[in-house]
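See below for the structure under consideration.
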Amino acid sequence: MGGDVSKLLILISGLLISFFGYAGTQTKSNSYQAKLDQMVAKYRAIPVTEDVAPLIALDREIVELVRNASFDEAVTVQLRPEYSEIGIEEGVGEHIPVYHYGFLWIEAHKRNPHSAFREDTLFAVAMRDSEPNDSSVDLQPLEAYLKEYPQGSLASSVYFALANHYRDLYLVVRGLANKGKGQGEMAVNCYQRLISKKPYEEQMRESRRLSIENYEKALKLSTGSAVWKEGIRTGVLEEMKSENFRWNGYVTGCGLGND
């Protein structure tokens, strides 16, 4: 009898732990959901004026909220349609909320392109406008940003973006020089605007030079860790400088497969 009672108590204890553990997770999840709802309410309460400071502040709040949420909290959140108003969308491959970086900066730039936050808002617009989409990649927004803020706090990220694009252009042109080997039609279309009528070998040299140049500028301005920067130097940068460049990468957003 005593043994049966002990087993029963253990079973009850296990059920209680499971229940309260689950309840605790649900409470955290519900709290995260409630905070996301609060972000939407805050956004809707911001007046549509040239004063974009509230949008910039809300952006920081959302970034911190999403960054600090645990996976257990995020995975049980119900993604509501209104979250798209503040740049929250479903993560690729996982049903969790992710923030589209710079979403509210772009809206702030629309409201006031010459605000005190122009360096940040213009950065978000430049990065968005240079991304591959239905048309060819356009690097002019990135280059224009660097003309205005060549030593800015976000300039390193722009140099990295340019370096990656020129790296990918090199891969595309090299594929064309090899009679199409190594890249698909989508990749060629993505960089069509940057491909000239010059000999492929000349275009390859130029795109390679520009990629190396921009990686070096990015590293010079970067505030990243020494370990991370050394990884770039001994990784893609070293490969770009090599005469036997065999980097097995992918064209940014364009679907170019491995060599």
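Considering only Cα-Cα distances, which of the following residue pairs are longer than 22 Å: 197/217; 179/241; 42/110? Intermediate results must be reported in sequence, preceding the final value.
Working: 197/217 28 Å; 179/241 24 Å; 42/110 19 Å.
Check vs 22 Å cut-off fails for 197/217; 179/241.
Other residues within the sphere of radius under 10 Å centred on the Cβ of residue 103, judged by their own Cβ, net out at -3 (K and R +1, D and E -1). Residue-wise HN-Hα couplings along region 225-235, as the Karplus relation 6.51 cos²θ - 1.76 cosθ + 1.60 with θ = phi - 60° gives them from phi, are 5, 4, 5, 5, 5, 5, x, 5, 4, 8, x Hz; Gly and Pro carry x.
Sequentially through region 148-162, phi angles give Karplus couplings (6.51, -1.76, 1.60; θ = phi - 60°) of 8, 10, x, 10, x, 5, 10, 4, 4, 5, 5, 4, 4, 4, 4 Hz, Gly and Pro residues having no value and appearing as x. The three principal axes of the C-alpha atoms in region 26-124 carry coordinate ranges of 43, 26, 21 Å, sorted with the longest axis first. With neighbours defined as other Cβ atoms within 10 Å of a residue's Cβ, the residues 159, 101 order from fewest to most as 101, 159. Electrostatic bookkeeping for residue 117 treats Lys and Arg as +1 and Asp and Glu as -1; over the other residues with beta carbon under 13 Å from its beta carbon, the sum is -2.
Net charge around residue 64, counting only other residues with Cβ within less than 15 Å of its Cβ (Lys, Arg = +1; Asp, Glu = -1)?
Numbers: positive: 35, 42, 60, 67; negative: 59, 61, 73.
Result for the local shell: +1.
Packing, taken as the mean count of other beta carbons within 10 Å per residue, orders the peptides 41-54, 213-226, 160-173 from highest to lowest as 160-173, 213-226, 41-54. Packing, as the average of other Cβ atoms within 10 Å across residues, places the peptides 118-127, 148-157, 197-206 in the order 118-127, 148-157, 197-206, highest first. Over the C-alpha atoms of region 67-159, the Rg to Rh ratio, Rh being the Kirkwood estimate, stands at 1.05.
Throughout, read-outs are computed from the coordinates displayed, never taken from laboratory work. Worth saying up front: this structure is predicted, and the values here are computed from it rather than measured. A quick note on method: Cβ atoms are made from the backbone with ideal geometry, for glycine too, and the neighbour counts reach across all protein chains shown.
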